[in-house]
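Chemist: The structure is given below, and queries will be raised subsequently.
The values are calculated or read from the model by the stated rules, or taken from the named source; none is laboratory data. This is a predicted model, so every value here is computed, not measured. So basically every Cβ, Gly included, is an ideal-geometry build from the backbone, and we count neighbours across all protein chains shown. The accessibility values were calculated without ligands, DNA or RNA, using every heavy atom of the protein model including side chains. Shrake-Rupley method; radii C 1.70, N 1.55, O 1.52, S 1.80 Å.
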Amino acid sequence: ITAVNPKLTFFKLHNILARQTEFYGRPEPSLIHETAEIHPTAYVSETDVQIGPNCIIGPGSVILPGSVLHNNVCIDANCTVGSDGMEYKRDGDGFMRVTHVGKAIIGDHVDVSSNTSIARGLFEDTSIAEHTKVGSMARIGHGVHIGKRVLVGSKSIVGGSTCIDDDVTIGVGAVLSNSIKVNKRAHILLGAVVVSNVKENEKVGGNFAIDWQKFFRF
C-alpha cells in the first residue's frame, strides 16, 4: 500500500479499529470491589474499569474506560481518570483526534487531590506507583510513568511519555516537558519549567530549569 501521508493514514486506520472493531479488545463489564466507596455524584464507566478494595471516589469525579485503581486509592472531588491525552494529527486544514487505547493504572495507597486529570495511554499505559501523592489541579499526560513515593505538587503539569523515578518531589506549579526522565530522589522546585532529563538527587529550578545552586548564583 502506498500513502501520501503514511503517519496520518496509520492513525486513521487506528481510529477505525479502536472505535468500530474489537481489534484492541472486547469491552468487559467494570469490576468494583464491594468495599469501595463511590460518591453518588461520581461517574464510573460500566465497562473496562477496575476499582480495588477500600478505594474512595469523591463527588463529581469521572472514572473512564481503561482505568485501573488498585487497593486503597483515594480520588478526591472533581477528578478525571482515563481521559484521552492531547494527541492530534494534522489533516488538511484541520486536526484529527487520535483515540487512546492504553490504560491509566493507579497503584496502592495513591492519593489524587481534587480537580486533577490523569490521561490514559495512547498505546502504552499511564501508571502511578504505590504511595505517590498528586496535588490538586495537576495534569498527568498520556503514557507518563510515575514511580513510588513521589510528591506531585498542585497545579503541576507532566507532559506525555515522561518517566519520573521513585522518591521524586515536584514543586507547586512545575511544568515538565514530554518524553524526559527524572531520576530517583530529584527535587524540582516550585514553578520550574523542565525541558531536559534531571539527574539522580539533583535539585533544579527556574525557567528553563537548571541546577539549583547554579540558578541562585546567577
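Chemist: If you check Val98 against the conditions, is it open to solvent by less than 20 Å² (accessible area, probe 1.4 Å), within 17 Å of Lys133 (Cα to Cα), in contact (Cβ under 8 Å) with a residue 24 or more places away in the chain and not acidic (Asp, Glu)? Break it down stepwise before answering.
Modeler: Numbers: open to solvent by less than 20 Å² (accessible area, probe 1.4 Å): yes; within 17 Å of Lys133 (Cα to Cα): no; in contact (Cβ under 8 Å) with a residue 24 or more places away in the chain: yes; not acidic (Asp, Glu): yes.
When the stated conditions are applied, Val98 does not pass them.
Chemist: Can you pull out every residue in the range 14-52 that is open to solvent by 100 Å² or more (accessible area, probe 1.4 Å) and either touching a helix residue (DSSP H, G or I) at 6+ places or on another chain (Cβ under 8 Å) or among the aliphatic types (A, V, I, L, M) (or both)?
Modeler: Phe23, Leu31
Chemist: Select from the range 71-121 the residues that are of a type in the set (Val, Ile, Thr) and out of contact with any helix residue (DSSP H, G or I) (no Cβ under 6 Å at 6 or more places or on another chain) and list them in ascending order. Quick ask: steps written out before the conclusion?
Modeler: Going residue by residue through the range 71-121, those that are of a type in the set (Val, Ile, Thr) are 73, 75, 80-81, 98-99, 101, 105-106, 110, 112, 116, 118.
Result: Val73, Ile75, Thr80, Val81, Ile105, Ile106, Val110, Val112, Thr116, Ile118.
Matching residues to (1) surrounded by 23 or more Cβ atoms within 10 Å (Cβ to Cβ); (2) part of a loop (DSSP other than H, G, I, E, B); (3) more than 14 Å from the chain's Cα centre (by Cα):
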{"residue": "Phe123", "(1), (2), (3)": "no, yes, no"}
{"residue": "Gly143", "(1), (2), (3)": "yes, yes, no"}
{"residue": "Lys148", "(1), (2), (3)": "no, yes, yes"}
{"residue": "Ser161", "(1), (2), (3)": "no, yes, no"}
{"residue": "Asp167", "(1), (2), (3)": "no, yes, yes"}
{"residue": "Ser196", "(1), (2), (3)": "no, yes, yes"}
{"residue": "Phe215", "(1), (2), (3)": "no, no, yes"}
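Chemist: Which members of the range 15-39 meet the condition of being touching a residue at least 12 places away in the same chain (Cβ under 8 Å), out of contact with any Pro (no Cβ under 8 Å at 6 or more places or on another chain), more than 19 Å from Ile105 (Cβ to Cβ) and outside any helix (DSSP H, G or I)?
Modeler: Passing the criteria: only Glu37.
Chemist: Quick one: Val172 ticks every box in (1) open to solvent by less than 30 Å² (accessible area, probe 1.4 Å); (2) in a loop (DSSP other than H, G, I, E, B); (3) not small (Gly, Ala, Ser) except a single one, so which number is it?
Modeler: (1)
Chemist: Among Gly52, Gly66, Gly82, Gly60, which is out of contact with any Lys or Arg (no Cβ under 9 Å at 6 or more places or on another chain), of a type in the set (Gly, Ala, Ser) and on the phi > 0 side of the Ramachandran plot? Steps first, please.
Modeler: On the way: Gly52 fails: on the phi > 0 side of the Ramachandran plot; Gly66 fails: out of contact with any Lys or Arg (no Cβ under 9 Å at 6 or more places or on another chain); Gly82 fails: out of contact with any Lys or Arg (no Cβ under 9 Å at 6 or more places or on another chain).
Selected residue: Gly60, the only one of Gly52, Gly66, Gly82, Gly60 that is out of contact with any Lys or Arg (no Cβ under 9 Å at 6 or more places or on another chain), of a type in the set (Gly, Ala, Ser) and on the phi > 0 side of the Ramachandran plot.
Chemist: Checking the condition of a type in the set (S, T, N, Q) and within 21 Å of Thr47 (Cα to Cα), which residue from Thr80, Thr116 passes?
Modeler: Working: Thr116 fails: within 21 Å of Thr47 (Cα to Cα).
Criteria check complete, one pass: Thr80.
Chemist: Can you go through Ala104, Ala129 and tell me which one is more than 11 Å from the chain's Cα centre (by Cα), at pLDDT 95 or above and aliphatic (A, V, I, L, M)? Even if it seems obvious, please write down each step before you answer.
Modeler: Values: Ala104 fails: more than 11 Å from the chain's Cα centre (by Cα).
Answer to the selection: Ala129.
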